[in-house]
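This report refers to the structure that appears directly beneath it.
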Amino acid sequence: MSERFDPARADSHWQQVWDEKQCFRADDASGKPRSFVLEMFPYPSGRIHIGHVRNYTMGDVLARYKRMRGFEVLHPMGWDAFGMPAENAAMEKGVHPGGWTRENIANMKAQLKRLGFALDWSRELATCEPDYYGHEQALFLDLYAAGLVYRKESAVNWDPVDMTVLANEQVIDGRGWRSGALVEKRKLSQWFLKITQFADELLEGLGALDKWPEKVRTMQENWIGKSRGLQFRFSLSNGDDLEVYTTRPDTIFGATFVAVAPDHPVAQGVAMYNCDAAKFIDRCKQGGTTAADIETAEKLGFDTGIGAKHPFTGKHLPVYIANFVLMEYGTGAIMAVPGHDQRDFDFATKYGLPILRVVAASAEEADRPFAGEAEAGDGVCVNSGFIDGMRVAEAKAAVTARGEAEGWGEARTQYRLRDWGVSRQRYWGTPIPFIHCDSCGVVPVPRDHLPVVLPDDVDFSVPGNPLDRHPTWKHVDCPDCGKAARRETDTLDTFVDSSWYFLRFASQPGDRPFDPAAIAKWLPVEQYIGGIEHAILHLLYARFWTRALAHIGLIEVKEPFASLFTQGMVTHETYSRSEGGREVYFSPGEVTRSAEAAVLKADGGPVEIGRVIKMSKSKKNVVDPDEIVATYGADAIRWFMLSDSPPERDLPWSEAGIEGCGRFVQRLWRLFGQFDAAATGEDKALDRKRDQTVAAVADDIEALSFNKAVARIYELATAIEKAPLSASRSAAIRALLLIVAPMMPHIAEEAWQAMASGLVAEAQWPQVDPALLVEDEVTIAVQVKGKLRDTITAAKGLPEEELKALALASEKVQRSIDGAEIRKIIVVPDRLVNIVA
RNA sequence: GCGGACGUGGCGGAAUGGUAGACGCCGGGGACUUAAAAUCCCCUGAGCUUUGCUCGUGCGGGUUCGAGUCCCGCCGUCCGUACCA
């Protein structure tokens with residue numbers, strides 16, 4: 001073996017060998033137990049960034065480990081290839097989105113290959129290709145046929161300069177993020193998916209996802225936002241009815257006013273004849289929508305002069321237009337109970353409306369005044385007619401029952417979740433497979449006409465949707481009546497593309513989206529790994545899509561991801577200087593970093609070292625994985641990704657850290673080089689250390705606690721280095737190589753050649769001798785009154801009395817007791833003796 | 001405001017209620033070398049009257065023979081979310 005490990009040569013060599021032998025191709029017909037390991041597929045932005053490296057390294061370690069444990073592993077990779085950046089590139093650089101995207105894919109694929117991931121490239125897919133999105137169109141039509149797709153007029157953010165619809169995130173301070181133009185609200189006919197029909201199922205399903213982070217489940221739960229309450233009608237003094245929704249029907253006797261949203265029909269009606277009301281409504285719309293704005297926003301109201309008749313007392317409550325009532329939730333109107341809702345309390349205080357107590361800790365406290373704020377807690381009903389004395393829960397049921405019996409209200413379950421609007425007025429997405437005909441209406445594209453393929457000859461030199469102004473593409477004949485008709489020019493939200501790609505990985509038939517039998521074999525994904533930023537949208541949509549397909553009988557599986565892991569970000573400190581009043585940032589490569597300070601290479605002047613934050617282009621605190629691989633090799637960067645920080649937390653990148661990883665790779669190489677098949681002699685302690693490490697590393701990998709596995713591997717390496725030559729030592733080196741292999745596959749493969757035949761990629765995880773996992777000697781801590789005074793070595797399993805005797809025999813212990821009376825001795829077998837004196 | 005996570009050396013972090021700081025990084029000292037790189041060895045929480053002792057896991061209480069870990073109350077940081085009736 002050569003003196004130094006040369007990653008530049010070894011990495012590409014072994015990558016080629018794995019490719020040629022198709023080592024990581026998943027066999028559908030395999031009789032082995034299966035494991036589907038999946039990382040969230042990347043958007044082909046152009047370059048792999050370090051966050052991808054961390055994500056895919058974790059998945060790769062798990063996939064390679066599972067393979068060594070005898071599983072048939074499916075570990076695929078693909079491209080979430082539709083989306084706006086491609087269109088932006090088209091507009092800015094005059095390139096075609098398709099060409100730009102496919103070039104990026106080629107580059108990024110080469111980058112991933114240089115990192116040595118054990119991927120089944122035969123299943124690679126890109127969502128922008130007709131052989132993917134054509135099947136998506138078919139699934140969309142299936143859902144349409146099942147009544148899960150519909151069209152509805154809906155308000156959108158319209159950018160009048162770019163002539164396009166903007167997502168909420170693209171509207172900044174009321175202006176389009178690209179054009180800077182004031183965004184208008186427009187009503188457009190949009191396609192929707194009925195995710196709300198599955199709201200309850202999606203919520204209930206969370207309960208079974210016990211291998212998902214609590215945090216993600218909570219976020220989805222809040223997003224779905226289920227609440228139970230009473231929807232009921234007030235008769236208004238103008239002859240109309242007003243529908244309101246409340247989760248606190250028990251407080252109905254405490255209602256002292258009624259409020260409607262500024263865009264509620266009642267408010268709009270008043271504005272027709274009352275210009276003060278119209279002015280008020282306009283004023284409400286001016287308020288900002290940022291968190292800070294809402295936090296500080298004052299409660300504003302306008303008294304319409306209309307009265308609402310209370311269903312029990314018959315009293316007339318004033319009806320206000322109020323800025324804090326939302327049209328989008330419930331009915332857009334509320335009964336206001338100032339005593340038991342803080343918002344209503346604030347409003348009533350401001351406008352001098354009565355505040356009544358209808359819930360109290362006990363009946364005796366019925367008249368207790370409020371201490372400056374509403375009381376939303378539990379208690380018994382007071383001042384509340386027929387529900388007096390009932391607990392809150394009981395009263396809710398009683399009022400609801402009365403409302404239903406008398407016909408003025410009904411129990412209702414309300415969700416925050418809205419149906420999923422999937423229409424996008426863009427080119428680079430999956431065409432929605434419908435045709436608009438003046439005679440027949442909206443007609444699905446016949447199955448045998450799929451896929452509806454995007455035209456290539458599109459023009460981005462003018463704003464707007466290129467599909468809409470394409471000279472020929474949208475002009476087709478109606479499939480039903482044959483008359484001239486128009487294609488739908490909207491494309492699907494890219495979240496649709498990522499809602500089923502994991503199903504397509506399991507099988508890729510040409511004539512249908514997937515083979516249900518293959519899905520039954522591979523799904524659910526055993527371990528899904530990705531960023532927390534997808535906690536709600538992607539993960540909720542994918543769950544919905546899977547359930548919807550199960551609902552219409554296409555597949556059996558209902559939850560796509562059995563276990564979810566959300567990894568932390570890779571961070572780096574920033575380097576900057578204040579120049580002319582603004583911060584100028586420098587990349588790590590432009591800076592020389594010493595222990596305490598950093599200087600700019602260009603001029604030798606100092607730069608300020610900023611906080612350790614997520615890598616971002618604007619702060620220039622990025623490192624390019626390719627450069628790291630070129631300098632240190634794939635194994636070193638993979639090792640760095642796994643070291644130190646727990647995988648769910650942020651990982652601070654540092655030059656010193658990657659250098660240390662590079663050194664460890666070489667240290668391993670020297671150690672592997674000391675493997676001596678002819679060595680003889682037994683080293684029991686090293687045998688024990690070896691098997692303990694093998695077992696512990698296995699546990700750590702399965703728990704995704706890579707940082708702990710790394711620490712144990714360092715310990716074993718040190719133990720081997722210190723051990724004298726023996727057969728045990730060679731056995732330990734060999735075991736070390738095998739347990740390092742999932743993390744650093746290239747050096748493992750290279751060194752394996754001197755130890756055994758075949759490939760590490762096809763080797764088995766080392767067996768352990770259970771007898772070696774238990775120690776025969778233990779170190780006992782001896783405490784006096786809970787403080788450590790001595791440690792003694794004893795045979796494992798020594799009886800309590802003997803341990804006590806050993807502890808009391810210690811000189812240090814006796815000195816510490818100092819002749820005091822021993823009141824009690826606590827013995828924890830094999831661990832500790834505590835003498836209470 | 002609400003929900004969640006977290007708070008341990010100079011840094012990243014270990015620690016089934018049982019020897020706090022494993023392991024790595026940084027730093028210091030030494031060996032080898034003409035020199036450097038590489039490598040190897042040792043030290044590295046603070047303090048003290050240094051065979052050893054005291055203090056020490058954000059702060060204040062509590063439970064326990066024993067608390068980083070459990071309970072109560074604070075403080076702080078980060079993330080998510082929001083006038084959801």
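The values are calculated or read from the model by the stated rules, or taken from the named source; none is laboratory data. It should be emphasised that the depicted structure is a prediction, and the values quoted were computed from it without experimental measurement. Heads up, the Cβs are rebuilt from the backbone with ideal geometry, glycines too, and the neighbour counts pull from every protein chain shown. These accessible areas exclude ligands, DNA and RNA; they are computed on the full protein's heavy atoms, side chains included. Shrake-Rupley method; radii C 1.70, N 1.55, O 1.52, S 1.80 Å.
Odds and ends about this structure:
- When nucleic acids and ligands are ignored and a 1.4 Å probe is applied, A:ASP699 ends up with an accessible area of around 100 Å².
- Low-density loop cleavage sites - GluC sites (Glu not before Pro) in segment A:590-632, where at most 12 other Cβ are within 10 Å (DSSP): A:GLU596
- Each part gets one Cα centre, and for segment A:694-769 versus segment A:309-323 those centres are 75 Å apart.
- With a Förster radius of 30 Å applied to the beta-carbon distance between A:HIS475 and A:ASN274, the computed FRET efficiency rounds to 0.05.
- Label sites at A:VAL828 and A:ALA630, each approximated as a point 7 angstrom past Cα along Cα to Cβ, lie 5.4 nm apart.
- Residues of segment A:715-753 with amide N under 14 Å of a point placed 7 Å along Cα→Cβ from A:ASP769: A:727-732
- Cβ-based charge dipole, segment A:428-578, positive-most Cα from A:LEU454, A:PHE544, A:THR491: A:PHE544
- Neighbour-limited loop hits for GluC sites (Glu not before Pro), segment A:342-385 (at most 15 other Cβ within 10 Å; DSSP other than H, G, I, E, B): A:GLU373
- For segment A:189-219 and segment A:615-657, distance of Cα centres in Å: 34 Å
- Sparse-neighbourhood loop sites, GluC sites (Glu not before Pro) in segment A:650-729 - DSSP loop, at most 13 other Cβ within 10 angstrom: A:GLU682
- Nearest-0.05 FRET efficiency for A:ARG283 and A:GLN666, computed from C-beta distance (R0 60 Å): 0.30
- Förster-model FRET efficiency, 60 Å R0, A:THR349 and A:ALA727, C-beta, rounded to 0.05: 0.10
- Given charges at beta-carbon only (K, R positive; D, E negative), |dipole| of segment A:656-757 in Debye: 260 debye
- Full extension of the chain between A:ARG25 and A:ASP131 yields a length gain of 36.1 nm, computed as 0.36 nm times the residue separation minus the alpha carbon distance.
- Label-reachable residues, segment A:62-98, where backbone N falls under 12 Å from a point 7 Å from A:TRP121's Cα toward its Cβ: A:77
- Between 0 and 90°, nearest 10: helix A:727-740 axis offset from chain A longest Cα axis: 20 degrees
- What chain A shows is 45 Å² of accessible area per residue, with the surface traced by a 1.4 Å probe over protein heavy atoms.
- Sequence of A:LEU112, A:LEU554, A:LEU326 when ordered by accessible area, the most exposed leading, probe 1.4 angstrom: A:LEU326, A:LEU554, A:LEU112
- C-alpha long axis of helix A:97-114 to longest principal axis of chain A, angle in °: 30 degrees
- Spatial separation of Cα centroids for segment A:1-66 and segment A:253-277, in angstrom: 62 Å
- Stretch gain in nm, segment A:LYS315-A:ALA397, where the contour uses 0.36 nm per residue and the Cα spacing is subtracted: 27.2 nm
- A:THR571, A:THR680, ranked by accessible area, largest first (probe 1.4 Å): A:THR680, A:THR571
- Nearest-ten-degree value, helix A:275-286 long axis tilted from longest Cα axis of chain A: 10 degrees
- Gained length - A:THR247 relative to A:GLU648, 0.36 nm times residue gap less alpha-carbon distance: 140.6 nm
- Backbone N atoms of segment A:586-613 closer than 14 Å to the 7 Å Cα→Cβ label point of A:GLU579 belong to residues A:586-587, A:590-591, A:600-608.
- For segment A:227-372, a simple Cβ point-charge model (Lys and Arg +1, Asp and Glu -1, everything else neutral) yields a dipole of about 180 debye relative to the Cα centre.
- Of A:THR779, A:VAL760, A:ALA809, farthest towards positive along the dipole that unit charges on Lys, Arg, Asp, Glu beta carbons give segment A:712-837: A:ALA809
- What a 1.4 Å probe finds exposed on chain A is 50% carbon and sulfur by accessible area, rounded to a whole percent.
- Estimated purely from DSSP H runs of n ≥ 4, each contributing -39500 (n - 2.57), the mean residue ellipticity at 222 nm for chain A is -11000 deg cm²/dmol once divided by its residues.
- With contacts taken as Cα pairs under 8 Å at a separation of at least 6 residues, segment A:657-745 carries a relative contact order of 42 percent.
- The mean sequence separation of alpha-carbon pairs under 8 Å and at least six residues apart, normalised by the residue count of chain A, gives a relative contact order of 13 percent.
- Assigned charges on the beta-carbon of Lys, Arg, Asp, Glu; segment A:84-184 dipole about Cα centre (debye): 340 debye
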